[in-house]
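What follows is a short report on a single structure.
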Amino acid sequence: MGMNVGGKKGGASSEINVTPLIDIVLVLLIIFMVLTPSMLKHMTANVPKKNTDPTPPDPSMAPIVLEYTKERVISINTESVAFEGLASKIAERLKFDKLKVVFFKIEDDANYGEVVKLMDTVRGAGAKTLGIVTKEP
């Protein structure tokens with residue numbers, strides 16, 4: 001390796017010496033290559049565990065389906081209910097339901113305004129999610 005200490009006239013050289021720069025970059029590269037795997041070991045991921053509980057779901061926790069016909073008949077899971085007692089029945093059923101979901105199965109010819117009133121009543125009784133059951137074509 002040759003080194004230039006000056007020109008013929010003995011003056012200082014104006015060229016940049018890159019050898020120390022390359023040495024520093026290589027040392028930093030080696031340091032990061034060694035440290036990166038050790039830093040990644042500390043990152044953890046919480047993966048949900050598979051449910052191995054063999055007990056079947058509670059049959060009393062069947063979804064709540066409110067049916068409404070064009071003849072203004074209201075029923076909850078095939079049990080007829082008057083409009084005045086609807087809120088108390090829904091509140092009673094939702095008391096033990098964690099998701100608080102009520103599904104509506106409404107005939108096509110039913111009055112839209114009355115259906116919206118039913119939905120408001122059910123929402124006021126404690127339902128958080130309202131679903132609509134549709135017919136398959």
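The values are calculated or read from the model by the stated rules, or taken from the named source; none is laboratory data. What you see is a predicted model, and the numbers here were worked out from it, not measured in a lab. Note that each Cβ is placed from the backbone with ideal geometry, even for glycine, and that neighbours are counted across all protein chains shown. Just so you know, the surface numbers come from the protein's heavy atoms only, side chains and all, with ligands and any DNA or RNA stripped out. Shrake-Rupley method; radii C 1.70, N 1.55, O 1.52, S 1.80 Å.
Within segment 1-26, the set of residues being open to solvent by less than 80 Å² (accessible area, probe 1.4 Å) and at pLDDT 85 or above comprises Val18, Thr19, Pro20.
Filtering Lys128, Lys135, Lys117, Lys105 for residues that are exposed (fewer than 10 other Cβ atoms within 10 Å of the Cβ) and either without any contact (Cβ under 8 Å) to a residue 24 or more places away in the chain or not aliphatic (A, V, I, L, M) (or both) leaves a single hit, Lys135. Scanning segment 27-45 for residues being modelled with pLDDT of 85 or more and among the aliphatic types (A, V, I, L, M) gives a total of 8.
Among the residues making up segment 74-97, those that are among the hydrophobic types (A, V, I, L, M, F, W, C), open to solvent by 50 Å² or more (accessible area, probe 1.4 Å) and closer than 19 Å to Val116 by Cβ are Ala82, Phe83.
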